[in-house]
Amino acid sequence: MQRFTKSFTQQEALPEESIARAVAVMRSGRLHRYNTDPEQSETAQLECDFARYLGVPYCLAAASGGYCLHIALRACGLTPGAPVLCNAFTLAPVPGAIHNAGGVPVLVEIDADYRIDLDDLDRKAARSGAALLLLSHMRGHICDMDAALEICARHGLTLIEDCAHTMGGAWRGRKSGTFGHAACFSAQTYKHLNAGEGGLLTTADAETMARAVLHSGSYMLYGHHLAAPPETVFENVRLDTPNYSGRMDNLRAAILRPQLARLDENVARWNRRYAVLADRLDKIPGLRLPHRPAAEAYVGSSIQFSITDRPPDAIAELVARCAARGVDLKWFGDPMPKAFTSRYDSWRYLAPSPPLPNTLEVLSRLVDMRIPLTFDLDDCALIADIIAAEMTPPPTARA
Ligand SMILES: *Cc1c(COP(=O)(O)O)cnc(C)c1O
């Protein structure tokens, strides 16, 4: 019986250029972003690089993606106790960021293709009176952004995009992260750039960026930022904006910059691996891949599918059998949070959400798999073959 032996958590080595730049920063001793001229600050330069990549005027680098979500919510005017709309299928740092910023999540259902349910969003926007939508492009699935923007406009919602899984993705040719008032990205090891930890916050709004920079812990050194508005914009808000210390440092910025230059190339490499997997998985009876519209340019750094031929209770057993052959699947239907998966009803620090039957049904069948770039195309074919073998015969025939 064939077994897969590579690790699902093994990243590629960093580019040699990242290593050389990191060594140069360490030799200089100037690791703090404000301990150098802005021109020499790897952090300030990373912000310029990323703003240019995305095509927006402003960018802030900070401690993590979740931290960026927290300060983006505050910089967009979240007031204590205010409702924040958010899709219920997301990762735990997202409700955590809303909670940290003093907001109250209003969870929105998802559809069968793992994206926010736009009809439920429309209803809950009207009912909740929320002023903010934190839209998490969870696992890289991008909803119909034209329809989402129309709903936001109609209800006066300010949109913040969580692009942790869509860095490098697009909708109808427009980059993910340029639809909302602000967007947040992650540079954590398992996302599309690897600094261990790190986050990027972008916006085209000058005052929002000034507030975010001050929140991130700029002291009165905001003049050292190169992808930020002029100092006059800061003068209006600098004494009213708390310092929530969470800066990026030059070491991490130094290793990120050469990776950003290779991002689009890596997106293509991920998508070749995704295509091999999707092509083979799609032929397995009882396994359903989500419909992905032509307008969605996704980044296949992970793959999701639904198991439809057996009761959800039997999916844990399928996952265990695949694991025994070295294929590491995660099941989002597990009532107990495991590793990075969690179901919205396990965030018990929140007031209980009204029932979300569609989300529970979709999650009860949803399986997730990472696609690290250390896998080659043959690896992807073998993984799909193992899943196919473990899926058949279906459980009824087996008995
Ligand atoms: C990883 C992740 C985050 C948070 O990023 P960190 O850098 O780990 O804080 C937010 N949203 C989603 C969907 C994520 O996967």
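In terms of other Cβ atoms within 10 Å, TYR349, TYR58 run from fewest to most in the order TYR349, TYR58.
Distance from the Cα centroid of the range 139-216 to that of the range 1-42 is 24 Å (rounded to whole angstrom).
For the range 118-241, build the convex hull from the C-alpha positions and give me its volume per residue in Å³. Don't skip to the answer; put the middle values down first.
Working: hull volume 15.8 nm³, N = 124.
Looking at the range 118-241, the number lands at 127 Å³ per residue.
For the chain, pairs of C-alpha atoms spaced more than 34 angstrom apart make up 30 percent of the total. Comparing ALA51, ALA294, ALA227 in a Gaussian network model of the chain (Cα springs below 10 Å), the most mobile by mean-square fluctuation is ALA294.
For LYS175, a cut-off of 19 angstrom between C-alpha atoms picks up these lysines, skipping any fewer than 8 places away in its own chain: LYS191.
If the only charges are +1 at each Lys and Arg Cβ and -1 at each Asp and Glu Cβ, what is the size of the charge dipole of the range 83-189 around the Cα centre, to the nearest 20 debye?
Numbers: 9 positive and 12 negative charges, 57 e Å.
Charge dipole, the range 83-189, about its Cα centre: 280 debye, nearest 20.
Pick out which of LEU118, LEU73, LEU201 has the largest mean-square fluctuation in a Gaussian network model of the chain, springs linking Cα atoms closer than 10 Å. Result for the chain, Cα springs under 10 Å: LEU118 fluctuates most. About its Cα centre, the dipole of the chain is roughly 600 debye, where the only charges are +1 on Lys and Arg Cβ and -1 on Asp and Glu Cβ. Over the range 255-363, Cα pairs under 8 Å with separation of 6+ residues give a relative contact order of 16 percent. Sparsely packed loop sites in the range 229-266 (the trypsin sites (Lys or Arg not before Pro) outside DSSP H, G, I, E and B with at most 15 other Cβ atoms within 10 Å) comprise ARG262. Only Cα pairs under 8 Å and 6+ residues apart enter the sum, and on that basis the relative contact order of the chain stands at 21 percent. Estimated translational diffusion coefficient (Stokes-Einstein, Kirkwood radius over Cα pairs, 37 °C, 0.692 mPa s) of the range 340-393: 228 µm² per second. Determine by what factor the alpha-carbon radius of gyration of the range 227-332 differs from 2.2 N^0.38 Å, reporting the quotient. The reported ratio for this selection is 1.71. Note: relative contact order over the range 5-113, using C-alpha pairs below 8 Å and six or more positions apart, is 17 percent.
None of the figures in this text is laboratory data; all of them are computed from the coordinates on show. Predicted model only: the values in this text are computed from it and were never measured. Note that each Cβ is placed from the backbone with ideal geometry, even for glycine, and that neighbours are counted across all protein chains shown.
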